[in-house]
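The values are calculated or read from the model by the stated rules, or taken from the named source; none is laboratory data. Values in this document were obtained by computation on a predicted structure and should not be read as measured data. Neighbour counts run over all protein chains shown; Cβ positions are idealised from the backbone, glycine included.
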């Protein structure tokens with residue numbers, strides 16, 4: 001009896017529990033050509049599922065520091081999480097590729113696969129880090145203890161199949177895999193700036209306190 | 001793959017010594033979190049020690065699967081509020097950060113510092129640092145200041161903190177530990193113990209591998225829960241956990257007017273839809289949990305605004321209709337103020353509503369209260385009294401000692417209106433509406449905590465550690481907590497736990513903490529009791545049904561519950577049980593009690 005009721009609720013949400021791949025079906029259709037993962041900061045609840053899925057897909061371990069997508073958690077002063085992931089910039093804006101000291105660049109846009117790629121063997125690692133410094137969002141990541149080369153989002157592409165695991169696992173549809181629809185200048189920003197923008201929703205709340213003290217409201221006694 | 005090792009960070013504030021200890025064997029026996037905390041208390045805290053002295057310890061407990069379904073940190077210390085075993089849970093991201101820092105058995109703080117300090121932890125680097133500039137700041141201000149400082153120093157803004165507010169510094173007995181502004185390990189005075197150690201905050205950042213034994217199996221289990229838990233997600237993401245309050249008022253299971261009434265029109269002002277549509281900002285979740293049941297609110301309009309916070313059953317239930325607060329307009333301010341002061345909202349609401357009833361009955365006068373007109377629902381008066389409590393001024397100095405000590409000091413017949421058991425305020429729950437709630441409240445060795453905290457199953461959630469809000473959904477999807485727990489623990493640690501091991505772990509944790517409380521003077525038959533009001537005064541719900549608890553039935557049910565927990569009829573573990581669970585070291589200490 002109970003199970004039947006559950007099924008009805010699932011259906012109204014557009015999800016089909018019988019289908020293993022049903023998770024994520026309610027999201028935008030995946031693009032054929034150039035595509036990137038767009039982040040909806042307002043929907044991010046900061047659970048970290050994307051980080052777990054990403055590190056599992058790329059390295060077979062659960063390890064946040066090896067994830068291509070990262071969640072930053074702020075107190076603005078209400079806790080808010082925002083995502084940070086490569087937006088596969090258009091050629092003119094691709095600062096990382098231009099900053100790479102190697103020739104040809106280690107980090108580059110692959111014209112066949114239509115996504116960013118990294119030639120891991122030639123990367124100079126975290127000590128160089130010029131690509132990270134050039135990127136306005138500091139996206140390329142290094143994890144010197146185990147993987148000392150630039151890590152950026154490769155859209156989970158294997159054999160021409162692109163299945164971004166973070167998009168598929170995100171429980172709030174805060175990540176979408178889509179074709180660029182408009183200039184990305186608001187997606188390429190640093191998570192600090194994203195949080196600062198969201199903080200404007202909280203005007204006029206001060207940054208370090210969440211209330212006016214009773215003395216300010218009723219006068220000191 | 002070999003099984004996992006567990007590292008504990010041990011910090012002695014007296015000698016300023018920090019060391020890393022391997023506790024793999026203890027963790028296998030006690031799992032971590034709450035169970036391991038009970039063992040540490042037994043070993044490290046001398047019998048009848050003063051909780052606010054340097055003899056007490058503070059254990060920030062985490063377990064093998066912290067961060068995989070919520071990231072619960074269970075804090076253990078001898079409670080200054082009840083003088084028994086103290087423990088309190090908080091969720092958020094702190095526990096997970098500790099795992100990434102490599103201290104997967106938590107932090108043990110011993111001794112006492114002579115000047116205010118904070119603890120800085122980044123991976124292998126742990127330091128005790130001066131915190132003089134943070135003194136007097138609220139929990140949130142402390143975290144904001146430290147975030148800025150540490151970002152300037154390390155170029156890393158992803159530190160996570162626990163901190164205490166003014167109440168903790170002033171040793172108010174029900175002070176809380178604050179994390180990320182609305183996660184609080186509030187119950188049983190854990191913030192007070194932190195304050196007594198002059199430990200203002202702990203900052204943690206980790207970048208090491210959590211090294212789960214079989215990550216693919218862990219991930220499978222997470223995904224299964226994620227897919228199947230959608231229904232639960234939908235409901236709780238929308239309203240958060242204030243949703244239970246409205247339902248509870250209708251079921252007569254939520255306290256009204258310090259438990260004097262079964263219904264009042266004011267209850268209808270607490271409808272979660274109102275909060276959602278008018279004040280909700282967004283959803284927020286703890287690490288590894290996909291629900292996002294934290295629903296922060298913000299109100300803009302003056303005079304009370306701007307203010308922001310989060311309302312849950314825990315922190316709002318004790319106020320609301322229990323203090324006759326007229327709706328969310330006032331409640332949103334009140335809870336934010338309690339958090340600012342660093343008090344346990346649930347416990348201090350019990351103290352304030354007790355005073356309100358005494359004031360109404362004329363046992364306490366306006367003069368006794370230093371001129372505060374503590375009428376029901378008077379927000380300004382409540383805030384004035386809270387400030388006195390947090391800073392221990394005037395009458396606040398007595399009330400700050402909580403419901404175990406304050407009623408005796410105030411006297412004048414006020415004692416019987418204190419809704420308490422073992423010194424903990426019974427606030428959110430109304431036991432007369434549900435005998436199950438009544439039992440769950442009373443029959444714990446840790447004080448009258450809500451939500452059946454005494455049951456071995458809950459002890460397991462707090463020990464592994466994972467969020468127990470999922471327990472119903474886990475039972476539906478995996479059959480039982482044990483089935484899910486065994487899978488997760490084996491996958492994460494590379495162990496070969498069986499159902500038999502699980503049952504022992506479950507009972508061992510629950511019995512261990514009972515033994516500690518018994519050693520500190522807890523007598524189950526005497527203390528596992530509710531105030532007389534619940535057995536003597538009838539209340540009527542909205543539809544005219546009258547309710548009261550029957551004492552004989554209650555005692556009979558309590559006996560059954562003890563048996564279900566594997567205990568004797570008087571709530572004391574038998575010698576056989578202790579030997580069976582490998583807790584024989586408790587027998588010589590408890591000899592006298594066990595014999596009777």
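Below is a table of values for the structure above.
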| read-out | value |
| --- | --- |
| Residue check, residue B:286 at the interface with another protein chain (Cβ under 8 Å from one of its Cβ atoms) and either buried (at least 23 other Cβ atoms within 10 Å of the Cβ) or touching a helix residue (DSSP H, G or I) at 6+ places or on another chain (Cβ under 7 Å) (or both) | yes |
| Verdict on residue B:211 being in contact with a helix residue (DSSP H, G or I) (Cβ under 8 Å, 6 or more places away or on another chain), surrounded by fewer than 21 Cβ atoms within 10 Å (Cβ to Cβ) and more than 30 Å from residue B:546 (Cα to Cα) | no |
| Residue, surrounded by the fewest Cβ atoms within 10 Å (Cβ to Cβ), within the stretch B:156-168, restricted to residues that are over 16 Å from the mean Cα position of the chain (by Cα) and under 20 Å from residue A:210 (Cα atoms) | B:166 |
| Test: residue in the stretch B:500-513 that is in contact with a strand residue (DSSP E or B) (Cβ under 8 Å, 6 or more places away or on another chain), more than 30 Å from residue B:237 (Cα to Cα) and at pLDDT below 95 | yes |
| Residues being in a loop (DSSP other than H, G, I, E, B) and in contact with a strand residue (DSSP E or B) (Cβ under 8 Å, 6 or more places away or on another chain) - total across the stretch A:191-212 | 4 |
| Those residues of the stretch B:422-437 which are surrounded by 24 or more Cβ atoms within 10 Å (Cβ to Cβ) and within 23 Å of residue B:245 (Cβ to Cβ), in sequence order | B:424, B:425, B:426, B:427, B:428, B:429, B:430, B:431, B:432 |
| Wholly enclosed helices (runs of 4 or more DSSP H) of the stretch B:418-515 bearing at least 1 residues more than 24 Å from residue B:67 (Cα to Cα) | B:435-442 |
| So residue B:223, is it under 30 Å from residue B:493 (Cβ atoms), in contact (Cβ under 8 Å) with a residue 60 or more places away in the chain, surrounded by fewer than 20 Cβ atoms within 10 Å (Cβ to Cβ) and in contact with a helix residue (DSSP H, G or I) (Cβ under 9 Å, 6 or more places away or on another chain) | no |
| Check on residue A:216, assigned to a helix (DSSP H, G or I), within 14 Å of chain B (Cβ to nearest Cβ) and surrounded by 15 or more Cβ atoms within 10 Å (Cβ to Cβ) | no |
| Residue in the stretch B:175-197 that is within 11 Å of chain A (Cβ to nearest Cβ), in a loop (DSSP other than H, G, I, E, B), more than 30 Å from residue B:350 (Cα to Cα) and under 26 Å from the mean Cα position of the chain (by Cα) present | no |
| Filter result for the condition that a residue is touching a residue at least 12 places away in the same chain (Cβ under 8 Å), touching a strand residue (DSSP E or B) at 6+ places or on another chain (Cβ under 6 Å), away from chain A (no Cβ under 14 Å) and surrounded by fewer than 24 Cβ atoms within 10 Å (Cβ to Cβ), over B:115, B:126 | B:126 |
| So residue B:502, is it surrounded by fewer than 24 Cβ atoms within 10 Å (Cβ to Cβ), over 30 Å from residue B:252 (Cβ atoms), touching a residue at least 60 places away in the same chain (Cβ under 8 Å) and in contact with a helix residue (DSSP H, G or I) (Cβ under 7 Å, 6 or more places away or on another chain) | no |
| Residue list for the stretch B:131-142, filter: away from chain A (no Cβ under 14 Å) and either surrounded by 12 or more Cβ atoms within 10 Å (Cβ to Cβ) or within 24 Å of the chain's Cα centre (by Cα) (or both) | B:131, B:135 |
| Where residue B:119 falls short, out of the listed (1) under 28 Å from residue A:143 (Cβ atoms); (2) part of a loop (DSSP other than H, G, I, E, B) | (2) |
| Selected residue (only one of A:97, A:102, A:88 is more than 24 Å from residue A:180 (Cα to Cα) and away from chain B (no Cβ under 14 Å)) | A:102 |
| Candidate set from the stretch B:553-565 (those that are within 28 Å of the chain's Cα centre (by Cα) and in contact (Cβ under 8 Å) with a residue 60 or more places away in the chain); member that is surrounded by the fewest Cβ atoms within 10 Å (Cβ to Cβ) | B:557 |
| Residues satisfying the stated conditions in the stretch B:441-471, i.e. free of Cβ contacts under 8 Å to residues at least 24 places away in the same chain and more than 15 Å from the chain's Cα centre (by Cα) | B:471 |
| Test: residue in the stretch B:236-255 that is within 9 Å of chain A (Cβ to nearest Cβ) and within 30 Å of residue B:488 (Cα to Cα) | yes |
| Residues of the stretch B:1-55 classified as closer than 23 Å to residue B:191 by Cβ and not in a helix (DSSP H, G or I), total | 20 |
| Any hit, the stretch A:26-40, residues being in contact with a strand residue (DSSP E or B) (Cβ under 8 Å, 6 or more places away or on another chain), over 17 Å from residue B:226 (Cβ atoms) and within 12 Å of chain B (Cβ to nearest Cβ) | yes |
| Selection count, the stretch B:70-103, where residues are crowded, with 24+ Cβ neighbours inside 10 Å, more than 18 Å from residue B:179 (Cβ to Cβ) and over 18 Å from the mean Cα position of the chain (by Cα) | 0 |
| Residue in the stretch B:319-328 that is more than 8 Å from every other protein chain (Cβ to nearest Cβ), at pLDDT below 90 and closer than 30 Å to residue B:169 by Cα present | no |
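Results for (1) farther than 25 Å from residue B:313 by Cα; (2) at pLDDT below 95; (3) away from chain A (no Cβ under 14 Å), shown as yes or no for each residue.
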{"residue": "B:346", "(1), (2), (3)": "no, yes, yes"}
{"residue": "B:351", "(1), (2), (3)": "no, no, yes"}
{"residue": "B:360", "(1), (2), (3)": "yes, no, yes"}
{"residue": "B:369", "(1), (2), (3)": "yes, no, no"}
{"residue": "B:378", "(1), (2), (3)": "no, no, no"}
{"residue": "B:381", "(1), (2), (3)": "no, no, no"}
{"residue": "B:398", "(1), (2), (3)": "yes, no, yes"}
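Per-residue answers, yes or no, for (1) over 13 Å from residue B:332 (Cα atoms); (2) not in a loop (DSSP other than H, G, I, E, B):
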| position | (1), (2) |
| --- | --- |
| B:244 | yes, yes |
| B:249 | yes, yes |
| B:258 | yes, no |
| B:273 | yes, yes |
| B:276 | no, yes |
| B:290 | yes, no |
| B:298 | no, yes |
| B:303 | no, no |
